[in-house]
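Here's the structure, in structure tokens; my notes come after.
Rule-based calculations on the coordinates, nothing more; no lab input. Please read all numbers here as calculations on a predicted model, not as lab measurements. Note that each Cβ is placed from the backbone with ideal geometry, even for glycine, and that neighbours are counted across all protein chains shown.
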């Protein structure tokens, strides 16, 4: 039987020998391909039979129609699919009213062709239509003082309870219980639906949008758009007093001869100043936080203000992570100089805009004819405008009252930091419903006058999006990310925000977007990139705790954990107490090892010290830490807490030449270091004069500007400074070797001080 089967198989193979194998059935077919069949029955005996011809071609005709329909609908997109990703909604496929107006007719036609039923609006039972329980009725009865209104339990649903509110608190404190441990920004409800929220520094902030926004964010910030961030969490402090007294108070916590005190353009109120604030009398060791400071222009004098004609105002803007320290220092310094210090933390808000189209967007938002393109860096513009909702796109025609901007923009008393003027603008604010009714009456001619005579004060400042000493230098190789900050009354931030987000080209941004932009531009982001300040230490501890919790959750999973994961979990537990192990960096100095206290070198101090010889530097410079921007030479990846090994001196030049030749194709340098007998030196962490452990990476990611991985690191000054002044170079930098903790791969990189 087996022989027969074998012989039959051999005969089959022999008969098909030399012929092509039979064609397999195709799994896919082109939509435009037309199937056909032969028509021999229509031409029988030399005569043409039309009935037979049509019957024989019936299959081809149906195939032709089917291919035409398939080719017509092959690449066609539905109405909601033709929209950009930021305008798509999950429920838009079944409701044409949830798509923009320009595609609603197309969506209705698609639903009619598909025979899709449009869902009707369901009845919404609001909380005010719910029945009241006995406890709420008892509270209502006890609040009234009338004797005839005694408590009567009303558990049944009646018509009288329809208009009764189900909550006891007034409307102004509706969300008071939700803000017991945090504060909402003016745009919280709008951002909470579209972004991931996080509680930091006492506020509920937007961390990042729900959409994938890494590439679109960089594209909008550099080419064709604008990124908007609600920066109302920045604290505002107002100092008021005589000009001489204010300068004396500023000198106590600012660097000596700072431009905020001696600069004529800054003191006059034309320009703002980005500098660092120190503890009282502790310059240069006691750095607290970077601040934005500007002077308010002189107000016109009248008879009632002759006795206070020399009073000036100074505004400080500081990050909320160091609010308590900055407030205590500013209050103590102003009290000693006979000046007053006021907190405008929840009275003045702000919106930050970053992108090339910011000037056009500001012109639309503020309805102003100002030349925003020609605004210089740190330029301060004080003005006032009308309600932005009057110039919104959904209002057609010229609205009466919109011409008030020409008069308001030149009003000298329209100052944001004038308490009476600011409170008057807030009290005159009306709701959107009231505004629409007034506009409809004015347009129809049933009323006369203007919609709103209210003027809104604002301050517009153009500044750098991060922290760097030479950020405005013309020869900088990093992209210039400039941020326009609009300072407004706290209650007016939300109306401006709603109109702003409807302008074409504006994208929502969060904390991660700001960090990424500073990483792209080689800028420092406070407090993350300055771990030797008090706010930076707290931020590093919080991030390490988050990383430790993530490692613990992964280690407790039911899946089998590897030895590498267990090793990373053990290392995370040992590093959580110290954030960054600086003892390993300074362990050569025994005196410093006993009481290790590192202090932060600000970018201005770094720029000043690296041009000076070692003998002129303060003694505490040996424990100074500064921020640096790192770029990998070749390919690779950078992770947080990676080790940074610096090499310099005459012995490092031939080694650097060899490494540059080896890493042209983006390969790691582990093999070449082993050949040069340097691998063991890096593993120990110390070595000869050429290599030493200099610091740690704080954060890293891929940079679109550099087309390579970039990072921000904290380096020790004593490990990278050569002891000689280097005034011939434009920037302070050098070469280093990066080594991730989880992986032993080492790569060549270049660092530049921020």
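For residue 105 and residue 282, compute 0.36 nm times the residue count separating them, minus their Cα-Cα distance, and round to one decimal in nm.
56.9 nm
On a full-extension model of 0.36 nm per residue, what is the gain between residue 545 and residue 432, subtracting their alpha-carbon distance, rounded to one decimal in nm?
Additional length available on full extension: 36.3 nm.
Can you put 120, 667 in order, fewest other beta carbons within 10 Å first? Don't skip to the end; give the middle numbers.
Numbers: 120 6, 667 16.
In increasing order of surrounding Cβ atoms, one gets 120, 667.
For region 611-677 and region 189-216, compute the distance between their C-alpha centroids and round to whole Å.
Computed from Cα coordinates, the inter-centre distance equals 37 Å.
Pop a pseudo-label 7 angstrom from the Cα along the beta-carbon direction at both residue 192 and residue 219 and give the gap in nm to one decimal.
The answer from the label model is 3.2 nm.
I need the calculated FRET efficiency for the pair residue 243 and residue 622, taking r as the beta carbon distance and R₀ as 45 Å, to the nearest 0.05.
Details: r = 40 Å, r/R0 = 0.89.
Computed FRET efficiency for residue 243 and residue 622 comes out at 0.65.
Within a 10 angstrom radius of the beta carbon, how do 638, 503 rank from fewest other beta carbons to most? Can you show the working numbers first?
Values: 638 24, 503 17.
Going from least to most buried by this count: 503, 638.
Quick one: if you stick a label point 7 Å off each Cα along the C-beta vector at residue 94 and residue 675, how many nm between them?
Using points 7 Å along Cα→Cβ, the separation is 6.5 nm.
Quick check on the exposure proxy: order 497, 735 from fewest to most C-beta atoms within 10 angstrom.
Going from least to most buried by this count: 735, 497.
Calculate, for residue 504 and residue 207, the FRET efficiency according to 1/(1 + (r/R0)^6) with r their C-beta to C-beta distance and R0 30 Å; round to the nearest 0.05.
FRET efficiency, residue 504 to residue 207: 0.75.
Please give the contour-minus-distance gain from residue 264 to residue 750: 0.36 nm per residue of separation, less the Cα-Cα distance, rounded to one decimal in nm.
Gain on stretching residue 264 to residue 750: 171.1 nm.
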